[in-house]
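The values are calculated or read from the model by the stated rules, or taken from the named source; none is laboratory data. Here the structure is a predicted model, which is why all the values come from computation and not from measurement. Glycine gets a Cβ as well: all are built from the backbone with ideal geometry, and neighbour counts include every protein chain shown. Calculation scope for accessible area: heavy atoms of the full protein, side chains included, ligands and nucleic acids excluded. Shrake-Rupley method; radii C 1.70, N 1.55, O 1.52, S 1.80 Å.
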Amino acid sequence: MSRTRTALLAALALVAGASGTALAVTPGDAGLAAVPCTVDYKVQNQWDTGFTAAVTITNNTTAKSSWSLKWAYAGNQKVTSGWNAKVSQSGTAVTAANESYNGTLATGGSVSFGFQGTYSGTNAVPATFTLDGVTCNVDGGTDPTDPTDPTDPGGGTKVDNPYAGAKVYVNPEWSANATAEPGGSRIANQPTGVWLDRIAAINGTGGKMGLRAHLDEALKQKGSGELVVQLVIYDLPGRDCSALASNGELGPTEIDKYKTQYIDPIAAILADPKYASLRIVNTVELDSLPNLVTNVTPRATATANCDTMKANGNYVKGVGYALNKLGDAANVYNYVDAGHHGWLGWDDNFSATVQTIKQAATAEGATVNDVQGFITNTANYSALKEQNFTINDSVNGKSVRESKWVDWNRYVDELSYAQAFRQEAVNQGFPAGVGMLIDTSRNGWGGSARPTGPGAMTDVDTYVNGGKIDRRIHVGNWCNQSGAGLGERPKASPAAGIDAYVWIKPPGESDGSSSAIANDEGKGFDRMCDPTYTGNPRNNNNMSGALPNAPLSGHWFSAQFQELMKNAYPAL
């Protein structure tokens with residue numbers, strides 16, 4: 001579609017908005033054969049506080065046996081009831097799914113439904129509609145939500161959730177390591193992330209597969225269905241400024257090297273038409289942007305390295321450049337790191353982190369539309385769901401928030417945190433369809449130490465400590481945690497707002513060495529990986545809880561892998 005044609009559609013939509021109707025282009029319009037679907041959204045009746053609307057969908061692609069239409073309101077409209085569709089709303093995001101009797105939608109066929117809603121102020125017509133994740137009323141040439149970026153492939157080419165209906169790539173190198181362990185064959189077929197943690201990893205180093213080798217293998221695994229490949233983009237200048245174990249190869253000022261020698265070669269490979277049939281998920285720069293909120297002056301947890309990275313802006317520039325360049329490929333989906341609840345769940349961290357991510361997502365040519373969603377708990381251990389207490393519980397007049405473990409956090413587990421983070425991102429201007437990933441590779445906390453019910457009501461600390469599933473000494477502990485177990489197996493669409501549970505951090509790969517080890521990978525020694533370490537302000541000066549005899553980060557750690565299997569929940 002030409003830029004002129006896009007402008008014409010936008011103009012039609014604006015004219016239509018004045019009368020309460022979203023004009024749809026008909027399939028017969030010249031030059032629009034590539035439009036996958038059209039939506040006619042018409043406000044039929046409107047009064048001071050309410051309205052009724054009629055919506056007609058026309059499908060121009062392959063026939064469907066079920067359908068789901070989504071849109072987001074710019075104002076405060078609320079759907080109160082619907083007919084001929086199951087209409088639901090979360091925040092500004094609305095979903096209309098077929099009823100049992102009208103799920104069939106032939107090629108060229110149409111279906112209509114209606115609803116009643118409330119509003120105050122203006123009742124603007126939604127700007128964008130997606131049918132089963134594909135944007136309607138435009139072709140794949142330009143993204144109507146991002147007219148400033150002519151290189152973007154357009155929303156019509158991306159699905160709402162890349163994991164839905166797709167297999168996920170099994171890394172044969174990780175699978176071989178798992179299979180070689182006693183009992184490891186039970187999970188060796190699980191999909192894990194491919195970590196591109198230095199420039200040399202792009203082409204392969206030390207006998208390991210490079211990016212093209214992984215993508216070629218993914219094509220073999222794909223077969224005739226859809227397949228997701230999970231990549232970890234992880235080589236920022238001054239990487240992970242608060243943890244020495246995961247320091248990287250690039251110095252704080254080497255932003256140009258990051259762009260030209262790391263991101264550009266990856267983007268070129270991902271743009272190869274050979275790989276266009278793969279759904280490629282990038283988890284972008286873990287443990288980076290949140291550091292600019294929590295580990296900078298005047299915080300007690302500040303480090304000189306994080307102060308440097310905030311001052312020079314290279315985290316923001318690097319993430320923005322990565323989102324822009326990698327997001328240009330039509331089959332690529334970017335998920336930005338959102339830490340975990342035990343890092344960012346406090347009031348002074350939560351909203352500020354979303355603001356910082358948005359700053360990066362609008363830097364270096366990127367827009368919020370280059371962000372498919374966010375990922376939490378990567379390389380961490382926070383429990384998915386604390387079942388034995390909630391943030392609203394109290395003991396003898398004291399809130400759970402006052403316990404030493406919760407320490408005034410607003411969240412006690414990753415699921416509640418991830419769902420709230422998604423909503424806050426939408427509130428701050430990210431697209432209503434953004435989704436969340438939760439890394440469950442090491443947060444199962446099963447085995448004999450797993451509590452079977454709430455703790456005693458003696459006091460709030462006894463209650464929380466006796467019932468909490470996460471058995472770490474402190475929620476700030478992150479390195480090779482003793483007693484941890486495999487968590488929920490990877491799955492798509494497991495909960496509202498969650499695109500998938502994933503194993504981005506491959507179980508059995510070390511978080512960092514328990515003592516200093518000379519290496520050429522740019523990795524330092526962090527005392528948080530030393531089991532004798534008595535802590536720092538980031539874990540309230542508690543013991544580290546780390547396993548002994550650990551190798552460098554990313555290297556295989558057999559003892560950890562065996563412990564994770566032993567304590568898996570659900571059990572293997």
* Asked: How large is the accessible surface per residue of the stretch 393-466, computed with a 1.4 Å probe and reported in Å² as a whole number?
  -> 39 Å²
* Structure fact -> Cβ-Cβ cut-off under 14 Å around Ala425, Lys and Arg +1, Asp and Glu -1: the net charge is -2
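Rounding to the nearest 20 debye, state how big the charge dipole of the chain is about its Cα centre with +1 on each Lys and Arg Cβ and -1 on each Asp and Glu Cβ. Intermediate results must be reported in sequence, preceding the final value.
Numbers: 43 positive and 53 negative charges, 157 e Å.
With Lys and Arg at +1 and Asp and Glu at -1, about 760 debye.
If each residue of separation counts as 0.36 nm, what is the full-extension length gain between Ser224 and Trp83 once their alpha-carbon separation is subtracted?
Net length gain for the segment: 47.1 nm.
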* Structure fact -> If every Lys and Arg gets +1 and every Asp and Glu gets -1 at its Cβ, then about the Cα centre the stretch 492-572 yields a dipole, in debye to the nearest 20, of 200 debye
* To do: Sort the following peptides by mean Cβ neighbour count (other Cβ atoms within 10 Å, averaged over residues), highest first: 538-546, 253-261.
  => 538-546, 253-261
* Among 524-535, 437-448, what's the highest-first ranking by average C-beta atoms within 10 angstrom per residue? -> 437-448, 524-535
* **the chain - percent relative contact order, Cα under 8 Å, separation 6 or more** => 11 percent
* Structure fact -> To the nearest Å², the heavy-atom accessible area per residue of the stretch 471-572 with 1.4 Å probe amounts to 38 Å²
* the stretch 52-121 and the stretch 263-342: distance between their alpha carbon centers, rounded to Å -> 35 Å
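Over the stretch 183-248, average the accessible area per residue using a 1.4 Å probe and give it in Å², no decimals.
I get 35 Å² per residue for the stretch 183-248.
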* Structure fact -> The rounded separation in angstrom of the Cα centers of the stretch 544-562 and the stretch 377-394 is 24 Å
* For a quick protection proxy, order the peptides 72-84, 420-432, 339-351, 477-489 by their average other-Cβ count within 10 Å, most packed first. => 477-489, 339-351, 420-432, 72-84
* Asked: Summing -39500 (n - 2.57) over the DSSP H runs of n ≥ 4 in the chain and dividing by its residue number, what mean residue ellipticity at 222 nm do you reach, to the nearest 500 deg cm²/dmol?
  -> -6500 deg cm²/dmol
* To do: Take the solvent-accessible surface of the protein heavy atoms, probe 1.4 Å, and return the percent of it on the chain that carbon and sulfur atoms account for.
  => 52 percent
* **Three-way shape call for the stretch 438-521 based on the alpha-carbon gyration tensor, with the a/c threshold at 1.5** => oblate
